[in-house]
Each structure stands twice: as C-alpha cells, then as structure tokens.
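A short worksheet on the structure shown next.
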Amino acid sequence: MTGRPRDANRDVAILDAALLLLTEVGYDQLSMESIAGRAGVAKTTIYRRYPDKAALVAAAVDHRSGETPPEPGRGGLRSNLVTLVRWLARQIAEQEIGLLGALFAGMRSDPRLAAEMRRILRRDEAAMTDQPLRKAIERGEDLAPHAAGLFAEVAPAVIVHRIVVAGEPCDERFVEHLVDDILLPLLRKPGPKGKRS
C-alpha cells in the first residue's frame, strides 16, 4: 500500500524558501527549521524529501535553473558560440548576486554541498557545450583538447567579472569580444609553429 502522494506545491514552497533564506542569512546560518517555517510545512516534511541541508540547497538550485541552452544553428562555430555566450550571459545576469555569494561561501565550508554543486555544474556544462562543439568538429573544425572544459572555465568567469566586478552589461559588443578575442583562439587547436588555426 502506497502512502499519500507528494504535494507538488509543498515541494516548490520548500525549494523557494530555501533559496530566499540562503540569500538572506547565508549557508552557515541556514537551518531546516527556518526553511520549514518560511515554507509553512513541518520539519519532518522536509526531511522526508531531503536528507540534509546540502541536498536541499542543491535541489533548490537545480529547480531554479530550468532553461535549457540554445540548440546549435546552421551557422559555424563562431555563430553558435555567440548565441551560446549571449544565452549564458543572460542566465548569469538574472541570478541574484547575494545568492551566488552565499552558494560560493557554502561550497567552501561544506564539502557535501560542494560535491552536489559540482555534480550539477558538470551536468549543465556538458549540456551547454556538447552539441555546439560536436557540430563544429563534424564541420571540420580542429578544436583544442578539452575544448568543452576550457569553455566552462573561461566563459562564465569572464561574464561574472564583467557583471559583478566591472559593473558593466554583457551587451552585444562584449559578447562578440569574448567570442572573437578569447574563446575562438582558445578553443581552436594551434596550427603550425603554435599559431591558432
């Protein structure tokens, strides 16, 4: 005999409460009790769904990042990278800086949260880069080894620096600069005598 089905509205309330409180008080001060109070549910309701705070926060972040990367178009590598970087910049710009800071701090203090977030990031990085880079190779592009990893290391970091540190928007001119001057030279395999193809 199965129990009562889970209430999807409660699930969403718990995940939303976790992110709101994470932004307000930070990861170290976040508690299952405070999340339960904000969500209007019993603490046991949360523990039936998530074994600990790290699992709950990771699930909340995963729930929030629902938009999938754009499909590669018919253009070449540059065209697809411009589309992808434009999408990535919008995704990062729409995140609350307080939430990102709380997550980074939590990842430093809690190895379990760090492991959960890295698992999500690796999955999202693969979803973001697999298709455009595979299509580029099929079209004859000679890409550097570990091109996907290079993109994942560099593109988000440059975008975060632009938005958070420089306080500038990721407009079309910046997107094209990132693709033309940084990503394409980095992702393409060096030609003869170290020159990028």
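The values are calculated or read from the model by the stated rules, or taken from the named source; none is laboratory data. In this text the structure is predicted, and so the values were computed from the model without any measurement. FYI the Cβ positions are ideal-geometry reconstructions off the backbone, even for glycines, and counts take in every protein chain you see. Heads up: the accessible areas ignore ligands, DNA and RNA and are worked out on the full protein's heavy atoms, side chains in. Shrake-Rupley method; radii C 1.70, N 1.55, O 1.52, S 1.80 Å.
Assorted remarks:
- Close pairs from the stretch 125-148: first in a helix (DSSP H, G or I), partner among the polar types (S, T, N, Q) and buried (at least 18 other Cβ atoms within 10 Å of the Cβ), Cβ under 8 Å, at least 6 apart: Pro132/Asn80; Lys135/Asn80; Ala136/Asn80; Ala147/Thr129; Ala148/Thr129
- None of Leu84, Leu99 is under 20 Å from Asp180 (Cβ atoms) and touching a helix residue (DSSP H, G or I) at 6+ places or on another chain (Cβ under 7 Å) except Leu84.
- Arg118 without any contact (Cβ under 8 Å) to a residue 40 or more places away in the chain, part of a helix (DSSP H, G or I), closer than 30 Å to Ile137 by Cβ and open to solvent by 80 Å² or more (accessible area, probe 1.4 Å): yes
- When we screen Val61, Val41, Val25, Val82 for residues that are touching a Lys or Arg at 6+ places or on another chain (Cβ under 6 Å) and among the β-branched types (Val, Ile, Thr), the only hit is Val41.
- Scanning the stretch 22-33 turns up no residue that is under 22 Å from Ala8 (Cβ atoms) and not aliphatic (A, V, I, L, M).
- Some residue of the stretch 156-178 being part of a helix (DSSP H, G or I), surrounded by 14 or more Cβ atoms within 10 Å (Cβ to Cβ) and small (Gly, Ala, Ser): no
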